[in-house]
Amino acid sequence: MAEPDVSYLVTVYNKAEALPAVWESLKAQAGDHSREFVFVDDASTDGSMAVLEGFAREDARVRILANSENRGPAIRLNQAAEAATGRILHPLDGDDLLPPNATQWMLARLAEMNVPLLYGRRRKTTPKRISSEAYVAEIEQPLIQAATRPIVHIALVVERALYIAAGGCDETVFIQDQSLALRLAAAAPRMAVTDATVVCAPRQSEPTLSADKRQQHHDRFLSAYHLLATLDRRHSARPALKRLAISAAWKLRRDEGGLAYLSADFWRYLASEIGFPVGSPETLAAIAARMAALDGIRRPS
């Protein structure tokens, strides 16, 4: 069997009620690209697997990766990407909906601009066709863009070869959004960004990971910190990554309350914002050690 043009990667944890709408959204995708659908279940307890098995009986292009341990979206997205065979990966969460021409529109932009990666917007709205006139720009320094204007949602298409070269998500952090954007940008020679809504997020009635600000700040710090350790010391994006790390550390300290504005994190953040080089390896290592000791943070097992 020839490899498909696109692999849709869907991470699932307790999404039984949302999955039928997700599946209808995927089946409705316009375009003549060949496709496969890789659903990876993160040890759901609500009947999600039974729903996925129904999709597989309906369509032979559906593949299901079942797991007995809950290990988080970063690990599961990498698992799905490793199993995928398509030239292009189109990841989404297990309750996201796509505009009817989302993949088709993004594939066209990749081809027109000759880039391996495109990021769009994820908004809480009803799916609508993406206009042919939607704004899209080429980015010559992807990592600086991803660090200074943080990309914090899964709303992308990417060449599988680039995903593999980048190492996918940082599996030492629980929320994959920031780590994936940074790592893909670090490996991409160029990328494209658009303000178009390419993924429609649900209006949640229950708390989600995206609402857990402490978890977000913790994972953003570590995403930047870990990537810094892999870059040449002369890399042009290092200052932007340090500012991102310092900012995440301050926001976490702020959200914990107390005398936050008297803390070293606050003054370090102010200094960073006006251009002082405050993110020394020793300082960042000390913050990382503090992060490791935080209670109430989810970490991959």
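The values are calculated or read from the model by the stated rules, or taken from the named source; none is laboratory data. From a predicted model like this one, the values you see are computed outputs, not experimental measurements. Quick reminder, even Gly has a Cβ in these numbers, built from the backbone with ideal geometry, and neighbours come from all protein chains shown.
What the table below lists for this structure:
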{"quantity": "Exclusive hit being closer than 21 Å to Leu227 by Cβ and surrounded by 24 or more Cβ atoms within 10 Å (Cβ to Cβ), set Pro150, Pro142", "calculated": "Pro142"}
{"quantity": "Search result, residues across region 208-257 that are crowded, with 20+ Cβ neighbours inside 10 Å and not in a helix (DSSP H, G or I)", "calculated": "Ala237"}
{"quantity": "Region 159-207 - residue that is among the hydrophobic types (A, V, I, L, M, F, W, C) and free of Cβ contacts under 8 Å to residues at least 24 places away in the same chain and, of those, surrounded by the most Cβ atoms within 10 Å (Cβ to Cβ)", "calculated": "Ala166"}
{"quantity": "Among the residues listed as Val12, Val6, the single one being out of contact with any Phe, Trp or Tyr (no Cβ under 8 Å at 6 or more places or on another chain) and surrounded by 20 or more Cβ atoms within 10 Å (Cβ to Cβ)", "calculated": "Val6"}
{"quantity": "Neighbours by Cβ (under 7 Å, 6+ apart or cross-chain): first from region 239-250, not assigned by TED's automatic domain parsing to the domain that holds Leu228; second modelled with pLDDT under 95 and not in a helix (DSSP H, G or I)", "calculated": "none"}
{"quantity": "Single residue of Tyr119, Tyr135 found to be buried (at least 24 other Cβ atoms within 10 Å of the Cβ) and assigned by TED's automatic domain parsing to the domain that holds Gly31", "calculated": "Tyr119"}
{"quantity": "Single unsatisfied condition, Ala185 versus (1) under 30 Å from Thr103 (Cβ atoms); (2) not in a helix (DSSP H, G or I)", "calculated": "(2)"}
{"quantity": "Number of positions in region 258-296 that are more than 24 Å from the chain's Cα centre (by Cα), among the aliphatic types (A, V, I, L, M) and not in a loop (DSSP other than H, G, I, E, B)", "calculated": "8"}
{"quantity": "Filter result for Ala192 (closer than 21 Å to Leu89 by Cα and modelled with pLDDT of 90 or more)", "calculated": "yes"}
